[in-house]
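S.K.: Could you have a look at this structure, given as structure tokens, before my questions?
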Amino acid sequence: MLNRLIESRASRVAAPAVLGVIILAVWQFVCRAFHVPPYLVPAPSDIADTLGADGSLLLGSLMVTLKITFFAFLLSVVLGVAAAFIFVQSKLLEVSLFPYAIILQVTPIVAIAPLIIIWVKAPIPAMVICATMVAVFPIISNTILGLRSVNPGLVNLFKLNKATRWQTLSRLRVPSALPYFFGGLRISSGLALIGAVVAEFVAGTGGTSSGLAYQILQAGFQLNIPRMFAALLLITVTGIVLFMLMAMLSKWALGGWHESEMAN
């Protein structure tokens, strides 16, 4: 049983890693064999050279993007959980307010980001607000779904034992909602990064407050395509790391008692 578990976990890492190496090898071979110019499609070696040469510049921009992502994600969790708890207190509140949360989600951020950037003079807070608007909805919807997905028999049991609303919420609804909440975290963390990058594109801030999106714009203007790919690689790796961190947090919180993590 233990050997099967180890083999299963190893295959989850080895299979995508081997596929990635094959894709990179084919990419490198095609670029070199057909003499593809770097300003069209750079080879993986060109991207690696750019990461080495421009590493300090790109890492500095990555820190700015990560700062926006972190604050937007944190704000999304606080606002999303607070909104979900308010919504589940009354069906009337949920019916009245939840459509506005949907409107917030379906409104394209690129359409309203310029207004937010105009209204909020400071660039970093403006971009945090934009990214929060992108990332908050999965927290709201997943937490509400979890708080309402409670076994009716358990609800009746709590009522028979004359449990207060607070006891029912803290001892029944919140534990039942945790798997849904952590699922929302996985989605929201990636959306916070996407929202931060989109906000940076719209803001177009340079200097010390320039994120990776600004470096991508500048690389496009200068036809420095290897730097553009290097910045995209950093964004992609950051998104993967955020997802893995949320998965590890879910495993740590639920692994000892919930079947969704105990089975993995």
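S.K.: Specify which of the listed residues (Val26, Val36) is β-branched (Val, Ile, Thr), open to solvent by 60 Å² or more (accessible area, probe 1.4 Å) and either within 29 Å of Leu223 (Cβ to Cβ) or modelled with pLDDT of 90 or more (or both).
M.R.: It is Val26.
S.K.: I would also like to ask the following. Please find, among Gly52, Gly60, the residue that is among the small types (Gly, Ala, Ser), surrounded by fewer than 14 Cβ atoms within 10 Å (Cβ to Cβ) and part of a helix (DSSP H, G or I).
M.R.: Within the list Gly52, Gly60, the selection yields Gly52.
S.K.: Is there a residue in segment 73-80 that is aromatic (Phe, Trp, Tyr) and either modelled with pLDDT of 90 or more or surrounded by 13 or more Cβ atoms within 10 Å (Cβ to Cβ) (or both)?
M.R.: Yes, segment 73-80 has at least one match.
S.K.: Ok, one more. Identify the residue in segment 162-221 that is among the aromatic types (Phe, Trp, Tyr) and either over 22 Å from Ser56 (Cβ atoms) or in contact with a Ser or Thr (Cβ under 9 Å, 6 or more places away or on another chain) (or both) and, among all such residues, is most open to solvent (accessible area, probe 1.4 Å).
M.R.: Trp166
S.K.: Among the helices (runs of 4 or more DSSP H) confined wholly to segment 99-207, which include 3 or more residues that are at positive phi and either out of contact with any His (no Cβ under 7 Å at 6 or more places or on another chain) or in contact (Cβ under 8 Å) with a residue 60 or more places away in the chain (or both)?
M.R.: Passing ranges: none, list empty.
The values are calculated or read from the model by the stated rules, or taken from the named source; none is laboratory data. If you're wondering where the values come from, they're calculated on a predicted model, not measured in any experiment. Note: ideal-geometry Cβ built from the backbone for every residue, glycine included; neighbour counts use all protein chains shown. Each accessible area value is taken on the protein alone, full model and side chains, heavy atoms only, with ligands, DNA and RNA left out. Shrake-Rupley method; radii C 1.70, N 1.55, O 1.52, S 1.80 Å.
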